[in-house]
Amino acid sequence: MADAVTALLGIAIVVGSAMLWIAIPFGGLWLVGELTSRAQGFLFATLGGIPLAMTAAAWFLYRVNDGYERSRAGEAGAGRRAPRALIDVPMTISATVALVLMAIWFFFYSHMWLVTPL
């Protein structure tokens, strides 16, 4: 039973990391775009709502990670170097994927340019 709980917590960490860096920002931008029609409303809603949603998700994710680490406490051998925390790997991968997706969107699909072409 404890192994199943540990596995579910591990899956929640991996999925939650992708949600934190990919689904919340892109979903937030889409949702605010559907709900607002003015640029100022879009700007204020995204600058206020998305960071708050990401902060709440990160707090929840680290609580899940704490439960995961406590469920694995008995597995660590004495005198061994502590293994890398599970949350480090999916957070790094999902943040990198989010940055790559943002760069692809900005350079290839965005219609807003930093310099007006002649």
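Key figures
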{"read-out": "Search result, residues across segment 10-30 that are in contact with a helix residue (DSSP H, G or I) (Cβ under 7 Å, 6 or more places away or on another chain) and more than 16 Å from ALA85 (Cα to Cα)", "value": "ALA18, MET19, LEU20, TRP21, ILE22, ILE24, PRO25, GLY28, LEU29"}
{"read-out": "Test: ALA45 is surrounded by 15 or more Cβ atoms within 10 Å (Cβ to Cβ) and of a type in the set (A, V, I, L, M, F, W, C)", "value": "yes"}
{"read-out": "Flag for THR6 being out of contact with any strand residue (DSSP E or B) (no Cβ under 8 Å at 6 or more places or on another chain) and surrounded by 17 or more Cβ atoms within 10 Å (Cβ to Cβ)", "value": "yes"}
{"read-out": "Filter result for MET102 (modelled with pLDDT under 90, assigned to a helix (DSSP H, G or I), of a type outside the set (S, T, N, Q) and surrounded by 10 or more Cβ atoms within 10 Å (Cβ to Cβ))", "value": "yes"}
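The values are calculated or read from the model by the stated rules, or taken from the named source; none is laboratory data. This one's a predicted model, so the numbers in the text were calculated from it and none came from an experiment. Cβ coordinates were reconstructed from backbone atoms using ideal geometry, including for glycine residues, and neighbour counts include every protein chain displayed.
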